[in-house]
Amino acid sequence: MNTPDTPPAIVWFREDLRLADNPALREAARTGAALVCVYIADPDAMPGAAARWWLDGGLRALDRDLHALGGRLVVLDGTAQACLTHLIKRTGARQVFWNRRYSPPGRQSDDAIEDALSRADIAVHTFNGSLLYEPGDVRTKAGEPFRVYGAWWRAARQAGGPGRPIAAPDTLTFAAVPHDLEGHVPSIDALGLTPRHPDWAGGLREAWAPGEAAAHDRLDHFLAEGLRDYARGRDLPAEDGTSRLSAALHVGHLSARQVWHAAHAAVHGRHGGASGRDLEKFLAELGWRDFAAAQLFDAPDLVERNHRPEYDAIGWRDDDDAFDAWAKGRTGYPIVDAGMRQLWTTGWMHNRVRMVVASFLTKHLLIDWRRGERWFRDTLVDANIASNVVNWQWVAGCGVDAAPYFRIMNPVLQGEKFDPDGRYIRAWVPELADLPDSVIHAPWSATAMECERHKVRLGRDYPEPIVDHKAARQRALECFERVKRRQREG
Ligand code: FAD
């Protein structure tokens, strides 16, 4: 039991902004010590602009949830090590609890802090609060990292499912925290995580509700409505066919374990009529998140380095105009433009369209995947270093288990196949809304009469294609083949 003499325990929240299934919080509470719940806004670890907006809402929601239990979230602004050391000194805490991070910068910082605290005789307790399988849990028989997703996933499934999630605590005991702490901010407002002048976050506010309770609502909605047709619906960007949980998973409003078990319960309880096939497909997608984390854990330099070294020789084009057209959704290819506008407005883009726009940037425009990855990092609410880098390298062809270089997605065919009635285009590229389905994915193929009848002036209301598909495809193939040839010739 806690007594006034028992030193408090610190729970350091990072990518686990929730009370339920939070092993660090649960274990800290179990010690019986009063808790200091802290978040540190470390300038060295700040996410991109859209993810900062999302973090702001997440911190407010967690603070509210802690208030409901009689406590609060202490928010500090400064480098993590300095803030934590100071907090320990001022509160007299002897133990710190956190859930592990796996991204290269997070890990590097955590290792250094753990070392320093251990040397100062502060006990550090760390847990897996984020992944189904931690890096290192799933290895080949020879103990090596897997490089092929299918093989990794089969081995992961054989290892069994994750443990049961932990319920949220009914009560917690909180320690008093001195107000004059170094780095202590008067309110979450003072962190300045949301945009002010201009306030560009209107679309994000409309699209997303932060917090643990909202994430569970979203999960319930998906399990009732989306999971039953996931294997098919997940590829159709106009439908609400995927969970849209990536942002909640990234800041940890939900754990992957909770999602896993809730999805199992939904299918086995026949809730929403989902089949085993839908469930398996959904879990396999969830698995990609762990696979990506494991790849960067084993090779942290993949954040910048091509996994396939032959790609170092590609002469990526330095074309700012083309990059701007791509980023602003003005390439003249409707599916690409719809995706980039959905991203800009809502901070999220459908997975199928992420693949199309990434392929367009790296293959049609021959622009370095790292530029696209940085743009996504700044504009996605779910921006996650591992998932972003691994997927970008996968699409560009230079990554682990990557699509072969000659697979160049045709943006017109992708549109026709996955958005056959043009609903996605009409939602995000309204200037094409009146065009008939037959030409909506290739407006340049409309006759002059059709354009006039449907009020589209190509080159004025909507751009002509910035590259010709056939010519761009040929340029990319020649470039990749040159690189391959050089590699063969040594
Ligand atoms: P669902 O289909 O409902 O999937 C459930 C969960 O599984 C997702 O929430 C996500 O956590 C995980 N997941 C699904 N697909 C993938 C995948 N391919 N890789 C990793 N995890 C996956 N995802 C991010 O979370 N952050 C990123 O920064 C990110 N960048 C990407 C960049 C590119 C170029 C591409 C092609 C994909 C990227 N993804 C990223 C993966 C994927 O697009 C998103 O996770 C997914 O669209 C999120 O929507 P959802 O939650 O509805 O997914």
**Request:** Name every residue in the stretch 350-385 that is near the ligand (Cβ under 7 Å from one of its atoms), of a type in the set (S, T, N, Q) and buried (at least 21 other Cβ atoms within 10 Å of the Cβ), in order of residue number.
**Result:** ASN384
**Message:** Please verify whether ALA442 is at pLDDT 95 or above and of a type outside the set (Asp, Glu), treating the condition exactly as stated.
**Reply:** yes
**Message:** Take GLN414 and tell me if it is under 24 Å from ARG317 (Cβ atoms), buried (at least 16 other Cβ atoms within 10 Å of the Cβ) and not aliphatic (A, V, I, L, M).
**Reply:** yes
**Number of the condition not met by PRO334 [criteria: (1) surrounded by fewer than 21 Cβ atoms within 10 Å (Cβ to Cβ); (2) more than 16 Å from the ligand (Cβ to nearest atom)]** = (1)
**Request:** Answer with yes or no whether ALA168 is within 17 Å of TRP54 (Cα to Cα), among the small types (Gly, Ala, Ser) and surrounded by fewer than 19 Cβ atoms within 10 Å (Cβ to Cβ).
**Result:** no
**Complete:** Residue hits (the stretch 439-472; aliphatic (A, V, I, L, M) and in contact with an Asp or Glu (Cβ under 7 Å, 6 or more places away or on another chain)) are VAL439, VAL456, LEU458
**Asked** So GLY399 clears everything in (1) modelled with pLDDT of 95 or more; (2) under 26 Å from ALA247 (Cβ atoms) except one condition, right? Which one?
**Response** (1)
**Prompt:** Assuming GLY347 fulfils every condition listed in (1) surrounded by fewer than 19 Cβ atoms within 10 Å (Cβ to Cβ); (2) over 23 Å from VAL439 (Cα atoms) apart from one, which condition is it?
**Reply:** (1)
**One residue from THR126, THR140 being farther than 24 Å from GLY57 by Cα, among the hydroxyl-bearing types (Ser, Thr, Tyr) and assigned to a loop (DSSP other than H, G, I, E, B)** = THR140
**Flag if TRP344 is more than 21 Å from ALA476 (Cβ to Cβ), assigned to a helix (DSSP H, G or I) and away from the ligand (no atom under 11 Å from the Cβ)** = yes
**Prompt:** Does any residue in the stretch 240-254 that is without any contact (Cβ under 8 Å) to a residue 60 or more places away in the chain come within less than 6 Å, Cβ to Cβ, of a residue that is within 6 Å of the ligand (Cβ to nearest atom) six or more places away or on a different chain, and which pairs are these?
**Reply:** GLY241/ARG234
**Asked** Given TRP326, TRP316, TRP260, which one is in a loop (DSSP other than H, G, I, E, B) and either within 16 Å of the ligand (Cβ to nearest atom) or of a type outside the set (Gly, Ala, Ser) (or both)?
**Response** TRP316
**Request:** Kindly check whether there is at least one residue in the stretch 164-178 that is part of a loop (DSSP other than H, G, I, E, B) and at pLDDT below 90.
**Result:** yes
**Message:** I'm trying to understand the selection: among the residues of the stretch 162-187, which are of a type outside the set (A, V, I, L, M, F, W, C) and more than 20 Å from LEU254 (Cβ to Cβ)?
**Reply:** THR171, THR173, PRO178, HIS179, ASP180, GLU182, GLY183, HIS184, PRO186, SER187
**Asked** Do we have any residue at all in the stretch 259-282 that's modelled with pLDDT of 95 or more, under 25 Å from ASP110 (Cβ atoms) and among the charged types (D, E, K, R)?
**Response** no
**Item:** Every pair of residues 6+ apart whose Cβ atoms lie under 9 Å, when the first sits in the stretch 392-404 and is closer than 13 Å to ARG354 by Cβ and aromatic (Phe, Trp, Tyr) while the second is more than 10 Å from the ligand (Cβ to nearest atom) and assigned to a helix (DSSP H, G or I)
**Value:** TRP392/ARG370
**Request:** Tell me which residues, restricted to the stretch 390-402, are under 17 Å from ASP368 (Cβ atoms) and more than 8 Å from the ligand (Cβ to nearest atom).
**Result:** GLN393, ALA396, GLY397, CYS398, GLY399, ALA402
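The values are calculated or read from the model by the stated rules, or taken from the named source; none is laboratory data. Given the structure is predicted, the values throughout are model-derived calculations rather than measurements. All Cβ positions, glycine included, derive from the backbone under ideal geometry; neighbour counts span all protein chains shown.
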